[in-house]
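A quick write-up on the structure given underneath.
Each reported figure results from applying straightforward, stated rules to the coordinates on display, with no laboratory input. All figures in this text were calculated on a predicted structure; none of them were measured in a lab. In this analysis, Cβ positions are derived from the backbone assuming ideal geometry, glycine residues included, and neighbour counts consider all displayed protein chains.
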Amino acid sequence: MFDHVTIRAADRESSERFYDTVLHTLGIEKTYSDSALVEWDDFSLSPASDEKPPTRGLHVGFVAPSRAHVGEFWRVGTEAGYRDDGPPGPRPQHRDDYYGSFLLDPDGNSAEAVYHGAMHRESRVDHLWIRVADVAASKRFYETIAEQTGFRVKLDTPERTQFVSASGSFSVVVGAPTEHLHLAFPASENATVDEFHRVATRAGYEDNGAPGERPVYHEGYYGAFVLDPDGNNIEVVNHNRG
């Protein structure tokens, strides 16, 4: 699904405390932390700066093991003083068995705990909603790289396009655009990374990092980066871990 989803936080300590508090209720524990990055498996955050502003306007749905966990996520979060963005309950507009609850993180991003019958529990992130200035333009971008990311269009309306894979989804939704998101898709071969960058830049999308090894992350890390129409940083990466 996603290799990783990274947000930048205006106050690293406050945002880390928020996600530690609420993700713990879902059985999602911190897997890495240093001064530059904190990770909960496929979700991570880093500190914002003047050159790299905080992420705003993102919606992230996290996998909950049960409806009871959805309720606990919301209860613990609201009792800790975090802002309610929707109490636990069914959301049949998404699926008949869809059950979610919603909180706002310190930067105003929407964090959801969700339980439904089609989720894949090996992932921590079930879905993303990315607000965009122009749904059609964003749809064209993600369709351009669909072969390399493994996602296809499932739902297509003037207000929202949903892309799905075997293990999750993301939607581009009309609204004030999500800002400063980093979204990485996995690849099993370096050639897929190369092709992602080639087809995107050939289609006119802005290069944000040519294909190559990034040993600063780990030995064998091979990635490439382009910007989507709203300036979010989109990556395809092969970890070359066998």
### Task
Under 1.5 on a/c is rounded, so check that first for the stretch 37-151, then, if it is not, pick prolate when a/b is larger than b/c and oblate when it is not; a ≥ b ≥ c are the square roots of the alpha carbon gyration tensor eigenvalues.
oblate
### Message
How big is the dipole moment of the stretch 183-242 about its Cα centre under a simple scheme where the beta carbon of each Lys and Arg is +1, that of each Asp and Glu is -1, and everything else is neutral? Debye, nearest 20, please.
### Response
100
### Query
Residue farthest toward the positive end of the dipole of the chain, with Cβ of Lys/Arg at +1 and Asp/Glu at -1: which of 65, 203, 26?
65
### Message
Cut-off under 27 Å on the C-alpha distance; same-chain residues fewer than 8 positions from residue 30 excluded. Which lysines are left, in chain and number order?
### Response
52
### Query
Nearest-5 percent of antiparallel DSSP beta bridges in the chain?
70
### Task
With r as the distance between the Cβ atoms of residue 84 and residue 241 and R0 = 30 Å, compute the FRET efficiency 1/(1 + (r/R0)^6) and round to 0.05.
0.15
### Task
Note down the nm distance, to one decimal, between modelled labels 7 Å out along Cα→Cβ at residue 179 and at residue 217.
2.5
#### Entry: the stretch 172-242, Rg to Rh (Cα coordinates; Rh as Kirkwood inverse mean 1/r)
1.01
### Magnitude of the charge dipole, the stretch 69-115, Cβ model with Lys/Arg +1 and Asp/Glu -1, debye to 20
100
### Task
Rounded, prolate or oblate: pick one for the stretch 1-72, where a ≥ b ≥ c are the square roots of the eigenvalues of its C-alpha gyration tensor, a/c under 1.5 means rounded, and failing that, prolate if a/b is larger than b/c, else oblate.
prolate
### Summary
Taking alpha-carbon centroids only, the stretch 164-197 lies from the stretch 69-96 a number of Å equal to 26
#### Entry: Debye-sum result for the stretch 132-199 in log10 I(q)/I(0), which assumes one identical scatterer on each alpha carbon, at q = 0.22, 0.23, 0.24 Å⁻¹
-1.01, -1.08, -1.14
### Task
Pull up the DSSP beta bridges for the stretch 148-242 and report the antiparallel fraction as a percent, rounded to 5.
80
### Electrostatic dipole magnitude of the chain [Cβ: Lys, Arg +1; Asp, Glu -1; Cα centre; debye, to 20]
560
### Message
Give me Rg/Rg_expected for the chain, where Rg uses Cα atoms only and Rg_expected = 2.2 N^0.38 Å with N residues.
### Response
0.97
### Message
Taking R0 as 45 Å, what FRET efficiency do you get between residue 143 and residue 37 from their Cβ-Cβ distance, rounded to the nearest 0.05?
### Response
0.90
### Message
Given the options 43, 166, 177, identify the residue whose Cα lies farthest towards the positive end of the charge dipole of the chain (+1 on Cβ of Lys, Arg; -1 on Cβ of Asp, Glu).
### Response
166
### Query
Okay, helix-only estimate at 222 nm for the chain: each DSSP H run of n ≥ 4 adds -39500 (n - 2.57), divide by all residues, round to 500 deg cm²/dmol; what do you get?
-6500 deg cm²/dmol
### Query
So which aspartates and glutamates can residue 154 reach, going by Cα to Cα under 15 Å and dropping same-chain residues fewer than 8 places off?
143
